Amino acid sequence: MLVVRVSMDMREVWQVPRGPETVPVRAALSRDRIIGAAIEVIEREGEAALSMRRIATELGVAVMSLYNHVSNKAALLDGVAERILAGMEVGDDAPAGVRPRPLAEREHWTARARALIRAYRKVAHDYPRCVTLVLTRKIDAPSGMRPVEHALALAADAGFDGETSVRIMRALLAYAIGAQMREVGAAKLLDYLPNKTAERFDRLDPGQFPHVVSFQDELLSHDPETDFEFGLDLMLSALDQLPRRGGRGTG
């Protein structure tokens, strides 16, 4: 009897053709396996460590065999960005073959918007190095439009017209992306704060910077999650006050 076990990362298939002897047999090379290996390398060592030769070594194959599935490194990076974005799990997503809930049964649009932004944030936390590719590469695959479609749909369902829905979508995605860039250090504007408590703000003149000196303890106490939720609350509350089609109220 043939017994087959597939490893969790799909890198190897083990089969027992006869007796107790176990023989490893490599799984067929595929675009999915190549992209999966690229994600592991990037998360482990950073994008600079990625090359077609490195992926070939990771998978134990010849470099040229990769080009049957991925045309070049740029295409590989695009594939990584697509895979990361496609991994977003949004509450509005209905399982295959299941119709979405009627509008009357869905959550308030701001709750759905919050779920969308948090879904992006979770992916960013799960793949902190790879998510940078999502921010810097143009994603031509349909997965690149999924967050856009979700944001437009929840705004339109709430009664906003097309122009306002588009602006809401842009505001939501800009907030999600901006918060992520700040946390991964891509935005340096707020990095002027001293890293060591002893340094604090001793060199500042209280006469010129009275509020900075007065609030130095608060400035040095940074809670990314609380800051993120605070800003999201403010933005959603403001957006919810925008006029709707036909003068509808909030919904």
Practice problem: Looking only at region 217-251, count how many residues are of a type in the set (S, T, N, Q), more than 20 Å from GLY159 (Cα to Cα) and at pLDDT below 85. | Solution: 1
Practice problem: Can you run down the residue pairs with Cβ atoms below 9 Å, 6 or more apart or on separate chains, where the first is in region 216-243 and more than 24 Å from ALA124 (Cβ to Cβ) and the partner is aliphatic (A, V, I, L, M) and in a helix (DSSP H, G or I)? | Solution: LEU219/VAL212; LEU242/ILE168
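One line per residue, one yes/no per condition, for (1) open to solvent by 50 Å² or more (accessible area, probe 1.4 Å); (2) part of a helix (DSSP H, G or I); (3) of a type in the set (Gly, Ala, Ser):
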site	(1), (2), (3)
LEU29	no, no, no
ARG33	no, yes, no
ALA38	no, yes, yes
ILE42	no, yes, no
THR57	yes, yes, no
ASP78	no, yes, no
Practice problem: Answer yes or no as to whether ALA179 is open to solvent by less than 60 Å² (accessible area, probe 1.4 Å) and modelled with pLDDT of 90 or more. | Solution: no
Practice problem: Kindly indicate whether ASP126 is open to solvent by 50 Å² or more (accessible area, probe 1.4 Å) and within 29 Å of ALA74 (Cβ to Cβ). | Solution: yes
Exercise. Would you be able to say whether some residue in region 133-151 is open to solvent by less than 70 Å² (accessible area, probe 1.4 Å) and under 21 Å from ASP227 (Cβ atoms)?
Key: yes
Quiz item: Restricting to region 105-147, what's the tally of residues that are polar (S, T, N, Q) and outside any helix (DSSP H, G or I)?
Solution: 0
Practice problem: May I ask you to say which residue of HIS211, HIS150 is modelled with pLDDT of 80 or more, in a helix (DSSP H, G or I) and farther than 24 Å from ASP126 by Cβ? | Solution: HIS211
Quiz item: Out of (1) at pLDDT below 75; (2) more than 30 Å from GLN241 (Cβ to Cβ), what's the single condition that is false for ALA187?
Solution: (2)
Quiz prompt | Of the criteria (1) surrounded by fewer than 13 Cβ atoms within 10 Å (Cβ to Cβ); (2) at pLDDT 85 or above; (3) over 23 Å from the mean Cα position of the chain (by Cα), which one THR164 fails | solution = (1)
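The values are calculated or read from the model by the stated rules, or taken from the named source; none is laboratory data. Keep in mind that this is a model prediction, so the values were computed, not measured. Note that we place each Cβ from the backbone using ideal geometry, even for glycine, and neighbour counts take in every protein chain shown. Each accessible area value is taken on the protein alone, full model and side chains, heavy atoms only, with ligands, DNA and RNA left out. Shrake-Rupley method; radii C 1.70, N 1.55, O 1.52, S 1.80 Å.
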